[in-house]
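A quick write-up on the structure given underneath.
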Amino acid sequence: MNPKNMAEIGSLKDCIGEIVTVLGWIDAIRSHGKIGFLVVRDGTGLAQGVILKEEVSQDLWDSHESMTLECSVALTGEVREEPRAPGGFEIGVNDLEMLGSSSDYPIQPKEHGVEFLLDHRHLWLRSSRQRAGLRVRHEVEQAIHDYFYERGFVRIDSPILTGAIGESAGSLFSTDYFGEEAYLAQTGQLYVEAACPAFRKVYCFGPTFRAEKSKTRRHLTEFWMIEPEVAFADSEANMQLQEDFVRYIVKRILERCQEQLEVLERDLRDLELVSEPFERISYTDAVNLLRRKGSSIEWGDDLGAPDEQQLMEEFGRPLFVYEYPKSVKAFYMKQNPDDDKTVLCNDLLVPGFGEIIGGSQREDDLDLLLGRIREEKLPEEAYSWYLDLRRYGSFVHSGFGLGLERTVGWITGSRHIRELIPFPRMMNRLSP
Ligand code: 4AD
Ligand code: MG
């Protein structure tokens, strides 16, 4: 191996006619008598190595014949443009070295059941659709940071271990914390609210945990959430921020992830509609609409997945549903001054997944907030610090949480969000 001629496959376009060495894994392999093809993947792209029996030594030919899927290799030869080759480049191999063998690689080019693939998630990550989905996730994450950075938000890292229930007592993971009960964070929201008077516009972005006992295609027990919080922004401003933010992310993916969307065979029509204003409907009107369509939903029921799906069939593009009943939403949402049965909140629904965002204006009145904590029978002591935010300079503020996996699931047109996080955690899955 001559380290001087090392090249990443992603930059082979600058090496046409040169002899280079690429390091990677064998993604595909086939042989036709006197000619062998090895497709090598190095994380930056794919390149096809071509080996002609007549032009190489017997040893080299034999060593190529001993190669199997996912061997790691060093492959050396001259780079040629070849539009028909996977990746668009061919390397005329004149040296080949096996770095790590791979016999009986469990994932072969054939149908495997999803449980089998999830059991082999550590290997499944190498497959083309998985690489495409996770590459989109990576780009969405970067777009999120860029969006907030460009707008002067300060990132606040909220704790994962917490003593205060963030959302609801129903789906908590708890653990012993030196004799005290600690929970894994369901949300970072209460902490970003505390950071608002320090920085005005803030956000957190981290893993959140919910002991979801439901096995659905849109629930994980560990998922990543982005939660901005803005001082002096009301519910209307909050929805405007959500719309602008989601539009920015989708535009960025349409611009930068064409290749991945093609691998995933994503029909882009509904994504292109994101550039138009989002639809809006109040919860009350949504219930009336659903009832007219034959649903038996009653005012006061939360919208379930089938209700959200029905609304998406009606609208076909992102839809804000706002002002839900207080009884189905978390304690911190601001009571609607015009109707004490509803709160100033919204969900954002998208085709395929339904809710990707939950947001609200926060209750800034100390007594009303305390009343809600008591109504929900939450342990008051755990919220004394949170109530201080209403005691010392209370302020109108709002924010929202966008679920990363559901958002990436929607953008990539996936059926289930479990493929959009490197190592999914679900009720029946803690490994790998
Ligand atoms: O609506 P949620 O529960 O809102 C909150 O947690 C607020 N504290 C956010 C805020 O205002 N700062 O959750 C927000 C989003 C949902 O819309 C959904 O996209 C995602 O988080 N989500 C899940 N994603 C995957 N698996 C789960 N179990 C999820 N639960 C919520
Ligand atoms: Mg919600």
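Condition first: free of Cβ contacts under 8 Å to residues at least 12 places away in the same chain and surrounded by fewer than 16 Cβ atoms within 10 Å (Cβ to Cβ). Now tell me which residues in segment 282-298 satisfy that. Don't jump to the end; show me each part of the working.
As a first pass, look at segment 282-298 and keep what is free of Cβ contacts under 8 Å to residues at least 12 places away in the same chain: 285, 288, 291-292, 294, 296-298.
D285, N288, R291, R292, G294, S296, E298, listed by residue number.
Would you call V246 within 24 Å of A143 (Cβ to Cβ), buried (at least 17 other Cβ atoms within 10 Å of the Cβ), at pLDDT 95 or above and away from ligand 2 (no atom under 16 Å from the Cβ)? When the stated conditions are applied, V246 does not pass them. Restricting to segment 352-381, what's the tally of residues that are under 25 Å from the mean Cα position of the chain (by Cα) and either surrounded by fewer than 16 Cβ atoms within 10 Å (Cβ to Cβ) or modelled with pLDDT of 95 or more (or both)? Total meeting the criteria: 8.
The listed residues are S384, S414, and the only one of them that is polar (S, T, N, Q), modelled with pLDDT of 95 or more, in a loop (DSSP other than H, G, I, E, B) and surrounded by fewer than 23 Cβ atoms within 10 Å (Cβ to Cβ) turns out to be S414. Out of H145, H138, one residue alone is free of Cβ contacts under 8 Å to residues at least 12 places away in the same chain and part of a helix (DSSP H, G or I). It is H138. Look at segment 316-327: where a residue is within 30 Å of D267 (Cβ to Cβ) and a partner is assigned to a strand (DSSP E or B) and of a type in the set (D, E), sitting 6+ places away or on another chain with Cβ atoms under 6 Å, you get L319/E279; V321/D347.
Evaluate segment 367-382: report whether one residue or more is within 16 Å of ligand 2 (Cβ to nearest atom) and either β-branched (V, I, T) or more than 30 Å from D119 (Cβ to Cβ) (or both). Yes - at least one qualifying residue is present in segment 367-382. Considering only residues of segment 249-281 that are over 15 Å from T412 (Cα atoms) and charged (D, E, K, R), which is surrounded by the fewest Cβ atoms within 10 Å (Cβ to Cβ)? It comes out as E276. For segment 204-233, the candidate set comprises residues that are in contact (Cβ under 8 Å) with a residue 60 or more places away in the chain and aromatic (F, W, Y); within that set, the residue that is nearest to P306 (Cα to Cα) is F223. Can you confirm whether segment 86-100 contains a residue that is in a strand (DSSP E or B), touching an Asp or Glu at 6+ places or on another chain (Cβ under 8 Å) and under 14 Å from G24 (Cα atoms)? Looking for residues that are in a strand (DSSP E or B), touching an Asp or Glu at 6+ places or on another chain (Cβ under 8 Å) and under 14 Å from G24 (Cα atoms), one finds at least one in segment 86-100, hence yes. Residues considered: S66, S128. Of these, the only one that is touching a residue at least 60 places away in the same chain (Cβ under 8 Å), surrounded by fewer than 15 Cβ atoms within 10 Å (Cβ to Cβ) and either farther than 24 Å from M6 by Cα or not β-branched (V, I, T) (or both) is S128. Considering segment 204-228, the residues that are more than 15 Å from ligand 2 (Cβ to nearest atom) and assigned to a loop (DSSP other than H, G, I, E, B) include one that is nearest to T162 (Cα to Cα), namely A211. Scanning segment 154-184 for residues that are modelled with pLDDT of 95 or more, hydroxyl-bearing (S, T, Y) and not in a strand (DSSP E or B) returns a single hit, S158.
Does L349 fit the bill of being assigned by TED's automatic domain parsing to the domain that holds E193, surrounded by 19 or more Cβ atoms within 10 Å (Cβ to Cβ), within 14 Å of ligand 2 (Cβ to nearest atom) and modelled with pLDDT of 95 or more? So L349 passes the test. Scanning segment 328-351 for residues that are more than 13 Å from ligand 1 (Cβ to nearest atom) and either in contact (Cβ under 8 Å) with a residue 12 or more places away in the chain or under 26 Å from the mean Cα position of the chain (by Cα) (or both) turns up Q335, N336, D339, D340, K341, T342, P351. Of all the numbered requirements in (1) surrounded by fewer than 17 Cβ atoms within 10 Å (Cβ to Cβ); (2) touching a strand residue (DSSP E or B) at 6+ places or on another chain (Cβ under 9 Å), I144 misses one, and that requirement is (1).
On the basis of being away from ligand 2 (no atom under 16 Å from the Cβ) and loosely packed, with under 15 Cβ neighbours inside 10 Å, does P337 make the cut? When the stated conditions are applied, P337 passes them.
Looking at the structure I just gave you, is R256 in the same structural domain as E323 (by TED's automatic domain parsing) and free of Cβ contacts under 8 Å to residues at least 12 places away in the same chain?
no
Mind listing just one residue for me: the one in segment 389-407 that is of a type in the set (G, A, S) and surrounded by fewer than 19 Cβ atoms within 10 Å (Cβ to Cβ) and, of those, farthest from ligand 1 (Cβ to nearest atom)? Filtering segment 389-407 for residues that are of a type in the set (G, A, S) and surrounded by fewer than 19 Cβ atoms within 10 Å (Cβ to Cβ), the one farthest from ligand 1 (Cβ to nearest atom) comes out as G393.
The values are calculated or read from the model by the stated rules, or taken from the named source; none is laboratory data. Since this is a predicted model, take the numbers as computed values, not measurements. Here the Cβ is made from the backbone with ideal geometry for all residues, glycine too, and neighbour counts use every protein chain on show.
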